[in-house]
1. Which value in nm describes the separation of the simple spin-label points at Arg291 and Asn331, placed 7 Å from the Cα toward the beta carbon?
2. Using the crude model of +1 on Lys and Arg Cβ and -1 on Asp and Glu Cβ, and no other charge, please compute the dipole size for segment 193-256 relative to its Cα centre, in debye to 20.
3. Give me the 1.4 Å probe accessible area per residue for the chain, excluding ligands and nucleic acids, in Å².
4. Cross-link candidates for Lys125: which lysines have Cα within less than 24 Å, leaving aside residues fewer than 8 places away along the same chain?
5. Report, in debye and to the nearest 20, how large the dipole of the chain comes out about its Cα centre when Lys and Arg carry +1 and Asp and Glu carry -1 on their Cβ.
6. Quick check: pseudo-label points 7 Å beyond the Cα along Cα→Cβ at Glu201 and Asp213, how many nm apart are they?
7. Using a 1.4 Å probe on the protein chains only, how many percent of the accessible area of the chain belongs to carbon and sulfur?
8. For Arg127 and Ala319, what does the FRET efficiency come to when R0 = 51 Å and r is the distance between their Cβ atoms, rounded to the nearest 0.05?
Amino acid sequence: MNKLPTQMRAILLEQYQEDVYEAINGLKVVQRPLPSPRHGQVLVKIEAAPCNPSDLLHLQGKYGVRKTLPAVPGWEGAGTVVASGGGWLGGWLKGKRVACGAQGDSDGTWAEYFVADAKACIPLKRRLPIEQASSMIVNPLTAMGLLDMARHSGHRAAVHTAGASQLGRMLLPMSKEAGIPLINVVRRGAQVELLRSLGAEHVLNSSDADFDDQFQSVSAELHATVAFEAVAGDLSGTVINLMPPSSTVYVYGALSEEACGNIDPIELIFRDKTVTGFYLGKWLQSRSLLRTLRATGRVQRMLIDGRIATKFQRVDSLAEAVDGLQHYANNMTEGKVLLKPDSR
């Protein structure tokens, strides 16, 4: 294996900015000392790292985790383990391709190299392209976790409020395999047609004048008593208010960047409805290592078989990241932006 450099290029976030475009414009590509993994950690040479909606929220200081600045953003990525800080697992991973994710107050994946906990690395199957591997944690595992909770709680059908999102498109085949009918909520007519072309049976446009009547009718017919809510704002209340009694809404995102509102307390008090949160990190921590490995193995098989996929609208180098992220913030439905540090 080639000798490691002493410096690396990385994208640096120096200040949180509430406006997403100002936050993106404030990013810099800098030279930093190559980090050294400690015992139980490995050094990953990043080949690809995506931008997720949660990454944009982090740049704005609106995500649930705030890093001590300056810091390198990026919640997930994939590459090759090039060094170990010690421990049998780190030694075993050396030379292997892995998917990895950032946690807590540590530098992220938008860099040439990234220090990851060895236990949090996912060894990759040979046939899995690195581009798909780079995005196999945040969206696929969140979709799997939401469906797992719905299935084990006995819900017969579900609602998803970001049907046209990347995660929403993954939920379609996953929910069919799980035998859970899915009501997909979108905001535009074009998104209705998109999801129908992907095989979605129940698609509702929240901009339609009769959306409330349509939603209440379909959710009652299917007995949809669980919702996966990624938008927040008034839509959270609209959904919980219109769902059948004993329904639960899992809020896992905030695409509107607004607080959950419009919730009728009568629905909570007298119709036994619940609004709660879902955080992927907490769900993964609640599972045994064996169950997590099974989940990640299943995600990889689905990606390799083409049953699910992450769509990328563009691939950018670190130097091109600001332009790419600006475009992504304006056109999120078109797909993610993928950063490749080795692209020049």
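The values are calculated or read from the model by the stated rules, or taken from the named source; none is laboratory data. Everything quoted here is computed from the prediction, not taken from an experiment. Cβ placement follows ideal geometry from the backbone for every residue including glycine, while neighbour counts extend to all protein chains displayed. Accessible surface areas use protein heavy atoms only, side chains included; no ligands, DNA or RNA. Shrake-Rupley method; radii C 1.70, N 1.55, O 1.52, S 1.80 Å.
1. Modelled inter-label distance: 4.1 nm.
2. Working: 1 positive and 9 negative charges, 50 e Å.
Dipole size: approximately 240 debye.
3. In whole numbers, the chain has 45 Å² accessible per residue.
4. Output for Lys125: Lys45, Lys94, Lys96, Lys311, Lys336, Lys340.
5. Approximately 2080 debye in magnitude.
6. The answer from the label model is 2.4 nm.
7. 50
8. Calculated transfer efficiency: 0.95.
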